[in-house]
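Scroll down for the structure; my scribbles are underneath it.
The values are calculated or read from the model by the stated rules, or taken from the named source; none is laboratory data. Just so we're clear, the structure is a prediction, and the values are computed from it rather than from any experiment. When we count neighbours, we look across all protein chains shown, and the Cβ atoms used for this are built from the backbone with ideal geometry, even at glycine.
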Amino acid sequence: MRRQVWPRWRQLWVADITDTRMSEAFVYLAVVPDGFSRRVVGWALADHLRAALALSALDMAIGNPDVTKGEPIHHSHRGVQYACGDYIARLDRAGIQPSMSRAGCPWDNAGTYQMDLGCGPPIRYPRVMSEPLEQPFPRPLSGQPVATPPNGLVPARSPLLGRHVRWDPLSPKLHAAELYRAGHGSDASLRIWDYLPYGPFADEAAFHAWLRTQAAAFERVWFTLRPQPDGAAAGMATYLDINPLDGVIEIGGIWFAPELQRTRAATEALFLLLAYAMDDLGYRRMQWRCNSLNMKSRNAARRLGFRFEGVFYNHMIAKGRNRDTAWYSILDDEWPEVRNIIQTWLGDDNFDAAGNAHRSLSGLMQQRSPSRRG
């Protein structure tokens, strides 16, 4: 590998993982640089070292339309993230040849560390995502007249039905027990609350009391998620920052039980919320806000087609700690393309018999058109 010359774009990818400290915690960065151009073609950030981190970076790289069968060779060390069955299967489905360093020979993978990835040599990844990993999306400014004002409708407290899941209006009496078990029944469940400004709760009674305050609020419209046809309650979400006259709305407060996370059903659930607001109610702007350190939420926003707008620093205090808030949005001129991409991804022909997706939703979103707003 050290003596090989790679004269063409996308003949070799050299994948690796590093860590970097942010203001309050370590995060891990998986990168897939191109061996010829030294450009990063895929990356992902997370607060863990599980195979899902490396797979997210690979999905972004595979989503590039220039990738063809038999190209490129994918080289990595022998870490479990790259040697696991899921990762090798993903390479195989994309027609990419796997290569790994020789046992006991770290120099085989040294190419990654010699690359200038825009973070300065040697590889030192930035402490803030906005530089250079995530820049605000360059939408053109607009002062055009709004020919058709928004409908002025507020989301109804009515069920939203999909093939795999359904959203029911929050009912503390009906949902508290199942939601408490889904959000507090294991160590993995308790991690749900890490970046939310509330929870976990001391007991079911405290959780039930909190649900009553949320159900009683006029400024938010909460829903409970259930797998179809008759699964137990396994998640929550709300519409908030609802401004029907300006056509602005947000989805937030989102959490799913661990068994529902990173599934086709979870993607459909979020799509139902987006489609109801943008198609049925005619909103012009859909927002997504999250703690800037919450890499899972930020990755989810991009995967769903939200575009990054920037960070509000010192935005709030949550659980006694400062919170810098990352902002994302989908605009009405962007929504039709986003909707078509998600619908295509959710289609049966995109999944094998085991329920694994053939194509990456993140990769498909990377190929979107620029903003057309006037």
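Answer yes or no: is there a residue in the stretch 134-149 that is farther than 30 Å from D230 by Cα, of a type in the set (D, E) and at pLDDT 80 or above.
Checking the stretch 134-149: not a single residue is farther than 30 Å from D230 by Cα, of a type in the set (D, E) and at pLDDT 80 or above.
Would you confirm whether any residue within the stretch 277-291 is polar (S, T, N, Q) and not in a strand (DSSP E or B)?
Checked against the condition, which is being polar (S, T, N, Q) and not in a strand (DSSP E or B), the stretch 277-291 yields no hits at all.
Considering only the stretch 323-374, how many residues are buried (at least 19 other Cβ atoms within 10 Å of the Cβ), touching a residue at least 60 places away in the same chain (Cβ under 8 Å) and of a type in the set (D, E)?
0
Could you figure out which of (1) surrounded by 15 or more Cβ atoms within 10 Å (Cβ to Cβ); (2) under 21 Å from P155 (Cβ atoms); (3) out of contact with any strand residue (DSSP E or B) (no Cβ under 9 Å at 6 or more places or on another chain) isn't true of I254?
Among (1) surrounded by 15 or more Cβ atoms within 10 Å (Cβ to Cβ); (2) under 21 Å from P155 (Cβ atoms); (3) out of contact with any strand residue (DSSP E or B) (no Cβ under 9 Å at 6 or more places or on another chain), the lone unmet condition for I254 is (3).
Filter the stretch 268-295 down to residues that are among the charged types (D, E, K, R), surrounded by fewer than 19 Cβ atoms within 10 Å (Cβ to Cβ) and more than 15 Å from V338 (Cα to Cα), then give me how many there are.
Of the residues in that region, 1 qualify.
Matching residues to (1) of a type in the set (S, T, N, Q); (2) under 21 Å from the mean Cα position of the chain (by Cα); (3) over 30 Å from V27 (Cβ atoms); (4) not assigned by TED's automatic domain parsing to the domain that holds A54:
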{"position": "F207", "(1), (2), (3), (4)": "no, no, no, yes"}
{"position": "L211", "(1), (2), (3), (4)": "no, no, yes, yes"}
{"position": "A217", "(1), (2), (3), (4)": "no, no, yes, yes"}
{"position": "E250", "(1), (2), (3), (4)": "no, yes, no, yes"}
{"position": "R264", "(1), (2), (3), (4)": "no, yes, no, yes"}
{"position": "L274", "(1), (2), (3), (4)": "no, yes, no, yes"}
{"position": "W288", "(1), (2), (3), (4)": "no, yes, no, yes"}
{"position": "N294", "(1), (2), (3), (4)": "yes, yes, no, yes"}
{"position": "G305", "(1), (2), (3), (4)": "no, yes, no, yes"}
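Across the stretch 257-267, what is the number of residues that are part of a loop (DSSP other than H, G, I, E, B) and either modelled with pLDDT under 95 or surrounded by fewer than 21 Cβ atoms within 10 Å (Cβ to Cβ) (or both)?
Qualifying residue count, the stretch 257-267: 3.
Report yes if some residue within the stretch 223-243 is buried (at least 22 other Cβ atoms within 10 Å of the Cβ) and polar (S, T, N, Q); otherwise report no.
Looking for residues that are buried (at least 22 other Cβ atoms within 10 Å of the Cβ) and polar (S, T, N, Q), one finds at least one in the stretch 223-243, hence yes.
Could you give me the residue pairs with C-beta distances under 8 Å whose first residue belongs to the stretch 171-182 and is under 14 Å from W222 (Cα atoms), whose second residue is assigned to a helix (DSSP H, G or I) and among the hydrophobic types (A, V, I, L, M, F, W, C) wherever it lies, and which are 6+ apart or on separate chains?
The qualifying pairs are S171/A215; P172/L211; P172/A215; H175/L211; A176/F207; A176/L211; L179/F207; L179/L211.
Quickly run through the stretch 203-241 and pick out the residues that are of a type in the set (F, W, Y), closer than 15 Å to P172 by Cβ and out of contact with any strand residue (DSSP E or B) (no Cβ under 8 Å at 6 or more places or on another chain).
If the condition is that a residue be of a type in the set (F, W, Y), closer than 15 Å to P172 by Cβ and out of contact with any strand residue (DSSP E or B) (no Cβ under 8 Å at 6 or more places or on another chain), then F207, W210 are the ones that fit.
Looking only at the stretch 195-254, which residues are in a helix (DSSP H, G or I), in contact (Cβ under 8 Å) with a residue 12 or more places away in the chain and among the polar types (S, T, N, Q)? Lay out the reasoning, then the answer.
As a first pass, look at the stretch 195-254 and keep what is in a helix (DSSP H, G or I): 204-216.
From what's left, in contact (Cβ under 8 Å) with a residue 12 or more places away in the chain: 204, 207-208, 210-212, 214-215.
The answer is Q214, and nothing else.
Among residues belonging to the stretch 26-53 that are of a type in the set (D, E, K, R) and closer than 23 Å to Y195 by Cα, point out the one that is modelled with the lowest pLDDT.
Of the residues in the stretch 26-53, the ones of a type in the set (D, E, K, R) are 34, 38-39, 47, 50.
Adding the requirement that they be closer than 23 Å to Y195 by Cα leaves 47, 50.
Values: D47: 79, R50: 84.
Filtering the stretch 26-53 for residues that are of a type in the set (D, E, K, R) and closer than 23 Å to Y195 by Cα, the one modelled with the lowest pLDDT comes out as D47.
Yes or no: G305 surrounded by fewer than 20 Cβ atoms within 10 Å (Cβ to Cβ) and either of a type in the set (G, A, S) or in a helix (DSSP H, G or I) (or both)? I'd like the intermediate steps shown before the answer.
Details: surrounded by fewer than 20 Cβ atoms within 10 Å (Cβ to Cβ): no; either of a type in the set (G, A, S) or in a helix (DSSP H, G or I) (or both): yes.
Criteria not met by G305.
Of everything in the stretch 54-98 that's of a type in the set (S, T, Y) and more than 24 Å from the chain's Cα centre (by Cα), which residue is modelled with the highest pLDDT?
S76
Just give me the residues in the stretch 160-194 being surrounded by 15 or more Cβ atoms within 10 Å (Cβ to Cβ) and part of a strand (DSSP E or B), in sequence order.
L160, V165, R166, W167, D168, P169, listed by residue number.
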